[in-house]
Amino acid sequence: MKKTLRRSLQILAASAVLASGTVAVTSPAHAALPDVSCGTVTSADSAAAAQLNQQLTGTLRNAMTAYRVSCARAVVNTVRAIGVPQQAEVIAITTAIVESTLRNNPNMEDHDSVGLFQQRASWGSTAQRLDPAMTTRKFINALLSTYPNNSWTSKPIGEVCQGVQRSAYPDRYQYQVADAQRIVDALGQAPAAPVGMTGFASADFNGDGKPDLAAVEASTGKMFLYPGNGLGTFGQRTLIGTGWDSVGNVTPGDFNGDGKTDLAAVGAGDGSLYVYPGTGTGVFGAPWSAGTGWNTLDNFSAGDFNGDGKSDIAAVGTADGSLYVYPGTGTGYFAAPINAGNGWNTLDRFTGGDFNGDGKSDIAAVGTADGKLYVYPGTGTGWFAAPVSAGTGWSIMRDLVGGDFNADGRTDIAAVQAPRGAAGNMYLYPGTGQNTFGTRSAIGTDW
């Protein structure tokens with residue numbers, strides 16, 4: 001970010017020294033805040049810092065610390081998760097060296113700039129700009145917006161940094177590129193990412209008030225929990241169960257009325273609907289069968305569709321294309337279904353959520369013919385109003401899940417850009433609360 005104010009103050013101070021021959025010492029109005037953590041500092045970070053202090057030649061020569069390495073690692077890991085070319089890691093680290101010397105600085109020393117990239121308030125809240133993953137994602141999104149179609153990959157790195165940051169001192173970036181590359185190299189190769197995830201479900205599974213993501217690794221049948229952080233991304237995954245390759249149409253909801261999110265899924269062998277009770281800790285108890293014949297349905301979604309305060313399940317009949325709403329009883333079982341209309345077999349990739357902000361559960365789905373995303377506003381009676389088109393180009397997206405992932409009070413959609421059965425990048429589409437979605441951002445790779 002621009003350093004004009006700080007530079008002006010330095011010039012004024014120097015002028016005062018030349019004029020008087022003395023320096024007036026004044027106390028700062030506020031004590032400096034300590035640098036904000038970028039995550040756990042490890043012994044590997046200490047070793048990398050010692051190694052880099054023998055290699056770096058720029059601003060951070062002999063100045064690398066385990067803390068600075070931890071901040072660099074947070075930046076690089078976030079860039080790798082987005083799935084852009086590796087050169088972006090060097091661009092991000094180059095910029096962070098110049099802007100903050102790889103410190104998560106909260107002190108607003110230059111106007112209202114904070115964080116690793118010294119982003120101004122227009123980039124987001126202070127909390128967002130001091131979150132290493134969020135601030136890095138904002139930087140990469142700005143990079144991709146400034147240089148569309150990966151045009152940044154063919155330009156000098158210093159020029160690209162300046163194009164994103166628009167600094168008053170554009171010549172400072174290129175000088176740090178070699179050191180940035182050394183830092184990226186010291187952090188090693190990207191760790192193996194989860195590939196071939198399926199059976200996505202989103203809800204607050206661990207009880208922290210933020211929507212998480214549960215997904216099944218297709219090759220092993222293991223289910224993993226990706227904890228939401230309320231900033232639009234997910235934390236380190238943890239294994240929460242096995243054998244999930246024997247079920248399909250995994251659907252979240254509080255089906256037994258205990259205030260904790262459960263999972264319902266259809267057994268591949270017997271067509272029974274199994275309810276796995278949530279514990280509020282991110283794991284699930286032993287399932288029970290809530291009835292048979294559910295293998296005649298597809299495209300499941302969940303919500304309080306009839307307005308009675310209990311989680312229902314909606315699904316499309318594979319034979320007639322009608323949408324059936326199964327009212328939840330709050331006991332882990334379901335009442336006889338309501339036929340909510342036909343023609344729903346022209347849609348795919350269903351997900352539930354309150355997309356228009358009226359407090360009623362809606363359904364979003366992709367048109368199989370035109371690739372548009374349609375939102376069907378819930379009426380709170382088990383029926384749905386006429387659909388609203390929420391955008392085009394959704395035919396390339398799969399595994400749509402709704403949730404307020406960025407904690408702004410509106411339902412977003414996370415989705416994977418890849419054909420079924422293939423791995424791809426995950427994107428977040430922020431909800432507007434008006435049946436539409438804002439500009440998407442990449443939040444993960446190899447899903």
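Electrostatic tally near Leu60: other residues with Cβ closer than 12 Å to its Cβ, Lys and Arg +1, Asp and Glu -1, net +3. Between Asp354, Asp185, Asp212, the Gaussian network model of the chain with springs among Cα atoms under 10 angstrom shows the greatest mean-square fluctuation at Asp185. Excluding Leu373 itself, calculate the net charge of residues whose Cβ lies under 13 Å from the Cβ of Leu373, where each Lys or Arg counts +1 and each Asp or Glu counts -1. It works out to a net charge of 0. Taking the Cα atoms of the range 359-432, the ratio Rg/Rh between the radius of gyration and the Kirkwood radius comes to 0.98.
Taking Cβ separations below 4.7 Å as the criterion for a possible disulfide partner, the isolated cysteines in the chain are Cys161. Under 5 Å between amide hydrogens, built in the peptide plane, is the criterion, and for Ile443 it picks out Met426, Tyr427, Leu428 among residues at least 5 positions away or on other chains.
On a per residue basis, the chain carries 43 Å² of accessible surface, using protein heavy atoms and a 1.4 Å probe. At the listed q of 0.15, 0.18 Å⁻¹, the Debye profile of the range 303-447, built from one uniform point per Cα, gives log10 I(q)/I(0) equal to -0.76, -1.06. Once all protein chains are placed together, Leu373 keeps about 0 Å² accessible to a 1.4 angstrom probe. Using a cut-off of 13 Å between beta-carbons, work out the net charge of the residues near Leu116 (Lys and Arg +1, Asp and Glu -1, Leu116 not included). In short, +3.
Strictly over 23 Å apart at the Cα level, which of Lys310/Lys360; Lys210/Lys310; Lys210/Lys360; Lys260/Lys310 would you flag in this model? Could the numbers behind the result be given before it?
Values: Lys310/Lys360 12 Å; Lys210/Lys310 20 Å; Lys210/Lys360 19 Å; Lys260/Lys310 12 Å.
Among Lys310/Lys360; Lys210/Lys310; Lys210/Lys360; Lys260/Lys310, the Cα-Cα distance tops 23 Å for no pair.
Per atom type, the chain shows carbon and sulfur on 52% of its accessible surface, probed at 1.4 Å. What percent do you get for the relative contact order of the chain when only Cα pairs under 8 Å and 6+ apart count? That works out to 10 percent. Rg/Rh for the range 216-287 stands at 0.98; both radii use Cα atoms, and Rh follows the Kirkwood definition. Springs join every pair of Cα atoms under 10 Å in this Gaussian network model of the chain, and among Ser100, Ser145, Ser122 the largest mean-square fluctuation is at Ser122.
For the chain, the extents of the C-alpha atoms along the principal axes are 90, 42, 40 Å, listed from largest to smallest.
Result for the chain in a Gaussian network model with C-alpha springs under 10 Å: among Tyr226, Tyr376, Tyr169, the largest mean-square fluctuation is at Tyr169. For Gly241, the amide hydrogen comes within under 5 Å of the amide hydrogens of Met223, counting only partners 5 or more places away or on other chains and with H modelled in the peptide plane.
The values are calculated or read from the model by the stated rules, or taken from the named source; none is laboratory data. What you see is a predicted model; the values in this text were computed from it and never measured. Ideal geometry is used to build each Cβ from the backbone, glycine not excepted, and the neighbour counts take in all protein chains shown. In case anyone asks, the SASA skips ligands and DNA or RNA and just uses the protein heavy atoms, side chains included. Shrake-Rupley method; radii C 1.70, N 1.55, O 1.52, S 1.80 Å.
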